[in-house]
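Each reported figure results from applying straightforward, stated rules to the coordinates on display, with no laboratory input. The structure presented is a predicted model; accordingly, all values stated were derived computationally and were not measured. Don't worry about glycine lacking a Cβ; one is built from the backbone with ideal geometry, like all the others, and counts go over all protein chains shown.
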């Protein structure tokens with residue numbers, strides 16, 4: 001995937017921040033000067049080379065300030081126009097009529113002739129949530145068009161979906177580039193960020209795929225990131241939606257297409273204690289730890305959990321020390337779903353708290369299987385913070 005060049009006046013940096021993060025969250029790669037400028041060369045040369053060689057389109061944050069910018073009007077926009085790149089204007093607080101009048105004088109062509117979006121009219125207040133929502137609508141439609149181009153060029157095979165929540169090397173072969181590092185960089189995102197931004201963006205990404213004409217192709221995930229992202233991704237692309245997932249797990253590729261006949265040869269997960277721990281018999285919640293790795297950390301976390309009726313911790317059989325392959329991972333993910341059903345069958349249990357410690361590929365598979373399991377609150381181990389589990393996404397369905 002080639003990036004979209006982000007053109008903006010530096011006095012509009014806050015708006016550019018929103019546009020950049022929203023497009024990245026929806027799988028569209030962004031080239032921006034504050035991140036991607038290499039040292040040792042003239043600024044204008046780097047910008048022009050980026051537009052020529054690294055970018056497949058240009059997004060411009062249209063404001064009175066950007067319309068008055070000589071650099072944008074004389075270098076960035078003309079360069080993209082001459083290269084016949086798609087230009088996507090996002091209008092913020094400037095009347096379309098004024099853009100239609102000013103842009104031919106400033107840059108030599110009419111910006112309103114391109115398909116863009118009036119994100120913020122001059123009469124509206126700057127409500128960040130509303131801006132994010134409108135930009136998000138443009139972002140997923142942009143991704144849909146990129147995927148349609150993939151179809152028209154005759155590319156086949158799985159869609160390559162890069163997932164990022166930590167520093168990474170750009171995957172040039174990715175068809176979808178979900179860069180969530182901004183949400184995970186300093187701290188884990190809250191349940192509100194998950195419900196208002198991250199989960200809706202995944203739903204829009206799925207919509208972009210299905211509306212692109214590609215149908216429900218197999219998705220290949222080459223990167224492992226936070227477990228909450230894997231669980232959420234698998235949940236959005238559920239087994240019932242007919243998507244199949246292939247996950248790069250170190251040197252192996254784990255697939256949801258494993259042969260069910262092999263499951264009979266896979267040993268069962270066990271509980272680390274024969275009986276459930278009883279905490280608060282009046283509670284409508286139950287806690288399930290999955291200590292496939294870091295068994296003692298999960299047990300310690302469960303011992304500190306309060307306000308739930310029951311606690312259980314699933315672990316590997318004593319004669320197995322790790323997950324050997326994708327077939328075992330998928331089989332054990334099914335067993336975890338069975339354990340969730342068993343806990344939910346208890347009287348009055350409405351919410352399952354899930355504390356996972358497992359390989360990333362197994363987390364994706366577990367999410368893929370979590371259909372019609374009610375409300376499940378996912379917890380993520382906070383490595384950077386206090387070394388405890390923190391509430392992450394809520395999966396409901």
### Query
By its C-alpha gyration tensor, with a ≥ b ≥ c as the square roots of the eigenvalues, how is segment 117-192 shaped: rounded for a/c under 1.5, else prolate for a/b larger than b/c, else oblate?
oblate
### Task
Divide by every residue of the chain the summed helix terms, -39500 (n - 2.57) for each DSSP H run of at least 4, and state the resulting mean residue ellipticity at 222 nm, rounded to the nearest 500 deg cm²/dmol.
-10000 deg cm²/dmol
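I'd like the antiparallel share, as a percent to the nearest 5, of DSSP beta bridges with both residues in segment 262-396.
So the antiparallel bridges amount to about 35 percent of the total.
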### Task
Sticking with the crude label model, points 7 Å out along Cα→Cβ, report the distance from residue 98 to residue 373 in nm, one decimal please.
5.3 nm
### Message
Just to confirm the number: angle between the C-alpha axis of helix 96-107 and the first principal axis of the chain, 0 to 90 degrees, nearest 10?
### Response
70 degrees
### Task
Find how many whole Å separate the alpha carbon centroid of segment 173-233 from the alpha carbon centroid of segment 1-19.
21 Å
### Query
Taking a label point 7 Å from the Cα of residue 253 along the Cα→Cβ vector, which residues of segment 185-226 have an amide N closer than 17 Å to it?
217-224
### Summary
Everything considered on the Cα gyration tensor (a ≥ b ≥ c; rounded for a/c under 1.5, else prolate if a/b is larger than b/c, else oblate), segment 7-85 must be described as rounded
## Note on the structure
Length gained if residue 263 through residue 153 is fully extended, taking 0.36 nm per residue and subtracting the Cα-Cα distance, is 35.7 nm
### Query
Taking the Cα centre of each part, how many Å lie between segment 47-66 and segment 257-327?
50 Å
### Task
Restricting to the chain, compute how many DSSP beta bridges are antiparallel as a %, nearest 5.
25 percent
### Query
Could you give the angle, 0 to 90 degrees to the nearest 10, between helix 13-25's Cα long axis and the longest principal axis of the Cα atoms of the chain?
50 degrees
### Task
Working from Cα positions, state the angle (0 to 90°, nearest 10) between the long axis of helix 227-236 and the longest principal axis of the chain.
80 degrees
## Note on the structure
Label model pair residue 391, residue 14: point-to-point distance (7 angstrom along the Cα→beta-carbon line) in nm is 2.9 nm
#### Entry: Amide N proximity, segment 217-246 versus residue 384 label position 7 Å along Cα-to-Cβ, cut-off under 13 Å
226
### segment 291-397: relative contact order in percent, alpha carbon pairs under 8 Å with at least 6 residues between
25 percent
### Candidate values [x] 158; [y] 123; [z] 141, label of the one derived for volume of the Cα convex hull per residue in Å³
[x]
### Query
With labels modelled as points extended 7 Å from the Cα through the Cβ direction, what inter-label distance (nm, one decimal) is found for residue 49 paired with residue 125?
4.7 nm
### Message
Rounded to whole Å, give me the distance from the Cα center of segment 337-396 to that of segment 104-128.
### Response
43 Å
